[in-house]
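The structure appears below as structure tokens.
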Amino acid sequence: MHILVAPDSYKGSLSAKEAAEAMTRGIRAVFPAARVTKLPISDGGEGLVQTLVEATGGDYRHTVVSGPSMTPVTARWGILGDGDTAVVEMAAASGLPLVPAAGRDPGRASSLGTGQILKEVLEARIPRLILGIGGSATNDAGAGAAAALGVRFLDAEGAPLPQGGAALARLERIDISGLDPRLADLKILVACDVENPLCGPSGATAVFGPQKGVAPDQIPVLDSALRRFSDIAAQTTGRSVADIPGAGAAGGLGAALLLFSSAVLRPGIEVALEAVNFARHLESADLVLTGEGLTDGQTVCGKAPLGVAKAAQAAGKPVICLSGGLGLGYQDIFLHGVSAAMSIPPRCMSLEDCIAAAAPLLEEAASRLCRILKTGLEMAETPDRHAAQSLLG
């Protein structure tokens, strides 16, 4: 038996790698002779760098950059095993967890640090980049990142604007004459798990702003600032990207990447699965285990387990999802390639207790699942095999 273990991270408790290891221990407790392939994955947010670097035998790099509040942070990025592909998480440089809840100010938060890492990639002469843009603290249309790469955002007096999305309300001119020319040769694949436009009721500010600290009365103000950025950028570049799906990702960084580079936006899970050659591992697998912190109706909107399930379904492989919890609408996953789902806690537990014991709980759940599978296999091998198989469907 060959089991492919491909979980996402369980946010707040386990990285994707730790989750895969816990699942593997649980499997081996019941099927010690099983071949298990650990392939932790990511949908483009937290964990993308670790997932791709370790899956390909790559190396980590560390760069000190300006965080979202302009204080220095050390951001980790990586180079894949091919030596020609860099992988960067925006969250490592400009992510929401880098700002204490009490100090969050999306109007001033900057994506400058993300651009500084991209500058490092250019300096290293790496020809390809995978950029995950989930988990941002920013709402600056990627102006900070663009500024790090040579774009100047000027007010009516010709002075550079301060960092942050609120300042874009005073934007009068964008000067792209200093844009790093090496960007034109860098192939950028953006792992993006949302399809929101830049502005409007489904745009970056209205949808994602509140979770970053945008107050209700700030939403129209910051949305208007992004609209101004979009209008002047269109005049400057001749390109209108505001309504392109994904332009509103990461506080509008998606828009800046489309405007100032040759970036292509793709669903994050598709990017990750391709990078780790998931299809090849699927060929010999008998079963796929995936999982995440919470599986609910939102899982079918592009989250990692859904991407795993779609790939496995296309290959004719069954998928079982082990999740920290099964929320409202989780049954929708059964329409998209998931064969079964199981909640990890074996009894009623507080969220705090579940997080504290996440690894042993996941290991035990994987073992519990495998005992059920073992029972099914034993039933299929009984003398009255046809009756057993009818019970198994």
Quick one: how many residues across segment 267-281 are touching a helix residue (DSSP H, G or I) at 6+ places or on another chain (Cβ under 9 Å) and farther than 20 Å from Ser9 by Cα? 1
Every residue in segment 191-206 that is out of contact with any Gly (no Cβ under 7 Å at 6 or more places or on another chain), buried (at least 19 other Cβ atoms within 10 Å of the Cβ) and either polar (S, T, N, Q) or part of a strand (DSSP E or B) (or both), please. Thr205
Please identify the pairs in which a residue from segment 69-85 that is closer than 17 Å to Glu46 by Cα and in the same structural domain as Gly57 (by TED's automatic domain parsing) has its Cβ atom under 6 Å from the Cβ atom of a residue that is of a type in the set (Phe, Trp, Tyr) and outside any loop (DSSP other than H, G, I, E, B), counting only partners at least 6 apart or on another chain. Arg76/Tyr60; Gly78/Tyr60
Which one of these is in a strand (DSSP E or B) and either free of Cβ contacts under 8 Å to residues at least 24 places away in the same chain or under 22 Å from the mean Cα position of the chain (by Cα) (or both): Arg266, Arg280? Arg266
In segment 213-261, how many are farther than 18 Å from Ala145 by Cα, in a helix (DSSP H, G or I) and within 19 Å of the chain's Cα centre (by Cα)? 0
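So that you can scan it fast, the table gives a plain yes or no per residue for (1) closer than 21 Å to Ile269 by Cβ; (2) in a helix (DSSP H, G or I); (3) in the same structural domain as Ala20 (by TED's automatic domain parsing); (4) touching a residue at least 40 places away in the same chain (Cβ under 8 Å):
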{"position": "Gly316", "(1), (2), (3), (4)": "yes, no, yes, no"}
{"position": "Cys321", "(1), (2), (3), (4)": "yes, no, yes, no"}
{"position": "Cys348", "(1), (2), (3), (4)": "no, no, yes, no"}
{"position": "Ile355", "(1), (2), (3), (4)": "no, yes, yes, yes"}
{"position": "Leu362", "(1), (2), (3), (4)": "yes, yes, yes, yes"}
{"position": "Ser367", "(1), (2), (3), (4)": "no, yes, yes, yes"}
{"position": "Cys370", "(1), (2), (3), (4)": "no, yes, yes, yes"}
{"position": "Lys374", "(1), (2), (3), (4)": "no, yes, yes, yes"}
{"position": "Met379", "(1), (2), (3), (4)": "no, yes, yes, no"}
Working only within segment 144-157, note down all residues that are under 22 Å from Ser224 (Cβ atoms), free of Cβ contacts under 8 Å to residues at least 60 places away in the same chain and part of a loop (DSSP other than H, G, I, E, B). Asp155, Ala156, Glu157
Which of the following residues is surrounded by 19 or more Cβ atoms within 10 Å (Cβ to Cβ) and either at positive phi or of a type in the set (Ser, Thr, Tyr) (or both): Ser230, Ser224? Ser230
Would you be able to say whether some residue in segment 43-62 is out of contact with any strand residue (DSSP E or B) (no Cβ under 8 Å at 6 or more places or on another chain), surrounded by fewer than 18 Cβ atoms within 10 Å (Cβ to Cβ), over 28 Å from Leu361 (Cβ atoms) and without any contact (Cβ under 8 Å) to a residue 40 or more places away in the chain? yes
Selection count where residues are buried (at least 20 other Cβ atoms within 10 Å of the Cβ) and either hydroxyl-bearing (Ser, Thr, Tyr) or in contact with a Phe, Trp or Tyr (Cβ under 8 Å, 6 or more places away or on another chain) (or both), scope segment 91-120: 6
Suppose we filter segment 9-38 for residues that are under 19 Å from Lys310 (Cα atoms) and modelled with pLDDT of 90 or more; how many remain? 2
Which numbered condition Ile174 misses (of (1) more than 23 Å from Ala75 (Cα to Cα); (2) at pLDDT 95 or above; (3) part of a loop (DSSP other than H, G, I, E, B)): (3)
Taking segment 76-85 only, how many residues are under 16 Å from the mean Cα position of the chain (by Cα) and either surrounded by 22 or more Cβ atoms within 10 Å (Cβ to Cβ) or at pLDDT below 95 (or both)? 2
For Ser262, work out the one condition from (1) crowded, with 16+ Cβ neighbours inside 10 Å; (2) among the small types (Gly, Ala, Ser); (3) within 30 Å of Leu39 (Cβ to Cβ) it doesn't fulfil. (1)
Condition check for Arg128: assigned by TED's automatic domain parsing to the domain that holds Val99, in contact with a strand residue (DSSP E or B) (Cβ under 8 Å, 6 or more places away or on another chain), closer than 29 Å to Ala272 by Cβ and charged (D, E, K, R): yes
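The values are calculated or read from the model by the stated rules, or taken from the named source; none is laboratory data. Model, not experiment: these values are computed from the prediction. Reconstructed Cβ throughout: ideal geometry from the backbone, glycine too, with neighbour counts over all protein chains shown.
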